[in-house]
Amino acid sequence: MSIQANEIKWYKSAVVNDTSGNGGTLSTNECQDGVKNNVWPDVSQAERATGSVKYRKTFIKVANDDDLALLNPQIFVETNTPGDDSIVLLLGTQTDTQTQVVGYTRFYGAANLHVNANAGDATLVVTVENGNGLGGHEIFRNGDLLRVSDQTSVDDTSGNTEFVRLASSAAVSWSGNQATLTLASGVTLANAYLATNGKVASVIEVSDVEASVSGWSISSAAGTYNQVTSPVAVDHIGSVEQNWTITFTNATQFNCQGNTLGLVGTGSIGSAFAPNNPAFSKPYFTLANGSPPWGGTWAATDTISFTTHPAAVAIWEKRTVPAGANSFSGNKVVVAITGESA
């Protein structure tokens, strides 16, 4: 079965605060859709008076039990906040913290159509929120993929949505908070959109989202493991970002340590090894048993090391509250992801 919408889950980062250590790796704390403060805290009166800039990191996880990859994922701001604040997106890594992200300069966000757009048009004129234009959070760049929509919500079955590509050069012309966007050669709109409800978002494009393994290394005089015929199986629900070290205690037995998790289990080359992630009752990964893949002669202190990466993509949100912002009850931003599966 293909990936279902309810298998796309959003999780908080390991650290959630306003310090330089904010962010980090994927946590087990899920962000519940539509729940107040699921990502952002309330803005206090003092904060509205003086203004503020804050960051929050979330992970979009593909919790598919068949370990299917989310293909051609596209991430975007579907609806801006109705309040005076603004939110832009930044692409993160599995481990980065606020120390790194404050230096990132590639922003993604959404704008409103400034004038009507017709089917067949090759340009769009949009209006961005204050600070999201040239010299600030420049959310449109040459070659960007754009999502153009007049749907009332990301799940709306009526209305129009399409993805179009900006030209590779001279695609964006700014005049204050207005931008004229020129599409790539030969690309035109398939649908017409009104300025009253048309939205245009720059899209984050990432590689297929699936769990993976990197950095496989064996330190042994005579022991072997055939990673080609029996690769490490990484579970899409149980996998985490972790550096693993398997250390042999004799010719057939070993223990397994994670760089932050510590000891997660002991195993033997005669049995499949699948240390359990207790948060999800799924294995972090699985090593096969027998010969193949195990071969040669293993000895005490021999090691295997590798890194697992979860089936998740890290996204930062940057919220800017201008000084003197008005109070707004029920303020929210809608961030969405779309993709395909086998």
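The values are calculated or read from the model by the stated rules, or taken from the named source; none is laboratory data. Keep in mind the model is a prediction, meaning the values are calculated, not measured. Cβ sites come from the backbone with ideal geometry, for glycine too, and all protein chains shown count toward neighbours.
Can you confirm whether Val148 is among the aliphatic types (A, V, I, L, M) and not in a loop (DSSP other than H, G, I, E, B)? Considered against the rule, which asks whether it is among the aliphatic types (A, V, I, L, M) and not in a loop (DSSP other than H, G, I, E, B), Val148 comes out as yes.
Conditions tested, residue by residue: (1) hydrophobic (A, V, I, L, M, F, W, C); (2) crowded, with 16+ Cβ neighbours inside 10 Å; (3) outside the structural domain of Pro73 (by TED's automatic domain parsing); (4) modelled with pLDDT of 95 or more.
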residue	(1), (2), (3), (4)
Trp216	yes, no, yes, yes
Gly223	no, yes, yes, yes
Ile246	yes, yes, yes, yes
Gly262	no, no, yes, yes
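For every residue, the table says whether it meets (1) in the same structural domain as Ala325 (by TED's automatic domain parsing); (2) aromatic (Phe, Trp, Tyr); (3) in contact with a Leu (Cβ under 9 Å, 6 or more places away or on another chain); (4) touching a residue at least 60 places away in the same chain (Cβ under 8 Å).
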| site | (1), (2), (3), (4) |
| --- | --- |
| Phe107 | yes, yes, yes, yes |
| Ala110 | yes, no, no, yes |
| Val128 | yes, no, no, no |
| Gly136 | yes, no, no, no |
| Thr180 | yes, no, yes, no |
| Leu183 | yes, no, yes, yes |
| Ser202 | yes, no, yes, yes |
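Picking from residues in segment 272-301 that are of a type in the set (S, T, N, Q) and modelled with pLDDT under 95, the one that is nearest to Val213 (Cα to Cα) is Asn289. Every residue in segment 264-279 that is among the hydrophobic types (A, V, I, L, M, F, W, C) and surrounded by 16 or more Cβ atoms within 10 Å (Cβ to Cβ), please. The answer is Val264, Ile269, Phe273, Ala274. Considering only residues of segment 53-94 that are within 13 Å of the chain's Cα centre (by Cα) and not in a strand (DSSP E or B), which is surrounded by the fewest Cβ atoms within 10 Å (Cβ to Cβ)? Step by step, filter segment 53-94, then rank; the result is Thr93.
Considering each residue of segment 198-210 in turn, none proves to be in a loop (DSSP other than H, G, I, E, B) and at positive phi.
Within segment 151-177, restricting attention to residues that are touching a residue at least 40 places away in the same chain (Cβ under 8 Å) and part of a strand (DSSP E or B), the residue that is nearest to Val335 (Cα to Cα) is Phe163. For segment 287-309, the condition holds for no residue, the condition being that it is aliphatic (A, V, I, L, M), surrounded by fewer than 20 Cβ atoms within 10 Å (Cβ to Cβ) and either touching a helix residue (DSSP H, G or I) at 6+ places or on another chain (Cβ under 9 Å) or assigned to a strand (DSSP E or B) (or both).
Could you tell me whether any residue of segment 178-194 is modelled with pLDDT of 95 or more, under 22 Å from the mean Cα position of the chain (by Cα), within 19 Å of Thr338 (Cβ to Cβ) and part of a strand (DSSP E or B)? No; the residues of segment 178-194 include none that is modelled with pLDDT of 95 or more, under 22 Å from the mean Cα position of the chain (by Cα), within 19 Å of Thr338 (Cβ to Cβ) and part of a strand (DSSP E or B). Within segment 105-152, the set of residues being out of contact with any Lys or Arg (no Cβ under 8 Å at 6 or more places or on another chain), among the hydroxyl-bearing types (Ser, Thr, Tyr) and under 16 Å from Phe163 (Cβ atoms) comprises Tyr108 only.
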